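Comments concern the structure below.
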Amino acid sequence: MDIIIKPVITEKMTTLGEKLNRYGFVVDKRANKIQIKEAVKEIYGVEVESVNTMNFSGKNKSRNSKRGFITGRTNSYKKAIITLAEGETIDFYSNI
């Protein structure tokens with residue numbers, strides 16, 4: 001099971017990473033905190049202090065087009081906020 005799907009790279013998460021040493025990831029909905037912690041340790045080689053998770057449900061979206069009224073739904077996902085131990089960092093931009 002691929003646990004970590006992608007990192008969350010936004011202004012808010014960047015400031016959290018700089019100030020509080022916290023990083024965000026979109027993770028598999030079925031993963032628990034222990035599995036997320038082990039996956040981050042394995043991929044990035046850092047010591048994880050704590051894991052907080054949030055479930056986001058999909059939202060209903062609708063728009064008007066030439067063919068009429070189109071309705072749909074965005075995907076639901078799970079987000080994890082990882083707090084690293086003192087002195088540890090993750091560099092997402094090293095591969096660019």
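When Rg/Rh (Cα atoms, Kirkwood Rh) is calculated directly from the model, which label among [x] 0.99; [y] 1.11; [z] 1.28 fits?
[y]
Compute the distance in nm between two label points, each set 7 Å from the Cα along the Cα-to-Cβ direction, one at T14 and one at E49.
2.3
Label 7 Å along Cα→Cβ of E86; region 45-61 residues with amide nitrogen under 17 Å?
47-50
With respect to the cross-link table entries K37/K61; K19/K78; K29/K66; K19/K61; K12/K61; K33/K59, which display a Cα-Cα separation exceeding 30 Å?
Check vs 30 Å cut-off fails for K37/K61; K29/K66; K19/K61.
Out of I43, S65, T53, whose Cα points farthest toward the positive end of the dipole of region 43-96 (charges: +1 Lys, Arg; -1 Asp, Glu; placed on Cβ)?
Result: S65, furthest along the dipole toward the positive end.
None of the figures in this text is laboratory data; all of them are computed from the coordinates on show. All figures in this text were calculated on a predicted structure; none of them were measured in a lab. Using ideal geometry, Cβ is built from the backbone for each residue, glycine included, and neighbour counts are taken over all protein chains shown.
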